[in-house]
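This report concerns only the one structure given below.
The values are calculated or read from the model by the stated rules, or taken from the named source; none is laboratory data. Worth saying up front: this structure is predicted, and the values here are computed from it rather than measured. When we count neighbours, we look across all protein chains shown, and the Cβ atoms used for this are built from the backbone with ideal geometry, even at glycine.
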Amino acid sequence: MSGLIETWRGEALAWEADELGHMNMRYYFDRVLEARARFAHHLGLPPIYKTTSLSTLVPTNQHIKYIKELRPGHGMAVSTGVVNLGETDITLVHVITGVDDVASATITETLSHIAVRTGIQFSWSKRTKAQAERLMIDVPEIAKPRNIDPYEISDEDSDLATMQKADEFGLQAIGRGVFRPSECDVFGHVLPTAIVGRISNSVQHLKTAWPDLDFASDDGMSGVLLEACARHKRRPKAGDLYEIRSGLRSASTHVRELCHWVLDPVSGKCWSSFVGVGCRFNLKTRRLVTIDETTLALLNKGVVKGLKP
């Protein structure tokens, strides 16, 4: 794709596949982490993920859009470009291709440029600004949001997600646990990949979103994610607790939109929030399946009005 630089190449591995038989969403984010580190070199930045680094790039907003399945053994490549440069942040687009170099997914992410020691954002060097301008591209049509507004939340709404609000909304607890050292970066903070993975491990517990599915059944039907947006608000460390509180935001005969708050049960504040658009999926035909009006009515009974990420 014009203007993009290849930043990663390899393949989808068998242990990265989930019960659907294709690569789980967390590993798309995992590939992009490596692509980001290589692209930082093209921006003239020092190594951003070494223990000796004085500065790094931290994701604050990540939008993923799935286009075509990647299954174990499929070759993969990631190509990256700059779509926006702010005073202390940058927005990159990553196009992930699979078989025959056909696009499998895109991830567009906004990253903060921070000092490792203080966590404070700071401005780009003249060199990086010049390099970013040289590598600037328009957002590829294939990467543009389909069902989600990645910037839905305003600054005034940024602290909406709390344990207190989760209780007020009656959001179901679908996951609880503690972050482990193996889930952290070299600076000791939990990787966004790990947070997304925790959501993936728990989402089937949200019964209001999947009343028509039995994930343990052999009937060949399951749920699949089509598009999602993660907003990373605070940076947990190993040993920090988390609780995922979730609800259904909307539903139609084709898709259903879920919202997850990954909360700190100690402080009551939000680590990250996540909105995902999913649907029924036929594991035999590998096609999406629409639902009837009766099932839609059942879904609509579980919609939580006013729920925001």
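Before moving on, here are some points about what is shown:
- For region 1-30, the tally of residues that are touching a residue at least 60 places away in the same chain (Cβ under 8 Å), surrounded by 13 or more Cβ atoms within 10 Å (Cβ to Cβ) and more than 16 Å from the chain's Cα centre (by Cα) stands at 12.
- Inter-residue pairs, beta-carbon under 6 Å, first more than 22 Å from residue 274 (Cα to Cα) and in region 48-70, second β-branched (Val, Ile, Thr) and not in a loop (DSSP other than H, G, I, E, B), 6+ apart: 48/56
- Scanning region 259-283 for residues that are of a type in the set (Gly, Ala, Ser) and under 20 Å from residue 20 (Cβ atoms) yields 276, 278.
- Taking (1) assigned to a loop (DSSP other than H, G, I, E, B); (2) surrounded by fewer than 17 Cβ atoms within 10 Å (Cβ to Cβ) in turn, residue 182 satisfies each apart from (1).
- Boolean, residue 251 is loosely packed, with under 15 Cβ neighbours inside 10 Å and at pLDDT 95 or above: no
- Conditions (1) more than 27 Å from residue 104 (Cα to Cα); (2) in a strand (DSSP E or B); number of the one not met by residue 224: (1)
- Lone unmet requirement of (1) within 20 Å of residue 64 (Cα to Cα); (2) modelled with pLDDT of 95 or more for residue 236: (1)
- Cβ pairs under 7 Å, 6+ apart, first in region 189-216 and within 20 Å of residue 255 (Cα to Cα), second part of a helix (DSSP H, G or I) and β-branched (Val, Ile, Thr): 212/295
- Any chance residue 197 is within 30 Å of residue 117 (Cβ to Cβ) and either of a type outside the set (Val, Ile, Thr) or part of a strand (DSSP E or B) (or both): yes
- Members of region 75-101 that are within 18 Å of residue 29 (Cα to Cα) and at pLDDT below 95: 98
- Criterion violated by residue 238 - all others in (1) touching a Lys or Arg at 6+ places or on another chain (Cβ under 7 Å); (2) surrounded by 21 or more Cβ atoms within 10 Å (Cβ to Cβ) satisfied: (2)
- Which numbered condition residue 286 fails, given (1) surrounded by fewer than 16 Cβ atoms within 10 Å (Cβ to Cβ); (2) over 23 Å from residue 18 (Cβ atoms); (3) out of contact with any Ser or Thr (no Cβ under 9 Å at 6 or more places or on another chain); (4) among the basic types (Lys, Arg): (2)
- The residues of region 256-282 that are of a type in the set (Lys, Arg) and assigned to a loop (DSSP other than H, G, I, E, B) amount to a single one, 269.
- Among the conditions (1) within 30 Å of residue 217 (Cα to Cα); (2) hydrophobic (A, V, I, L, M, F, W, C); (3) modelled with pLDDT under 95, residue 29 misses just one, which is (3).
- Any hit, region 160-173, residues being of a type in the set (Asp, Glu) and closer than 23 Å to residue 257 by Cβ: yes
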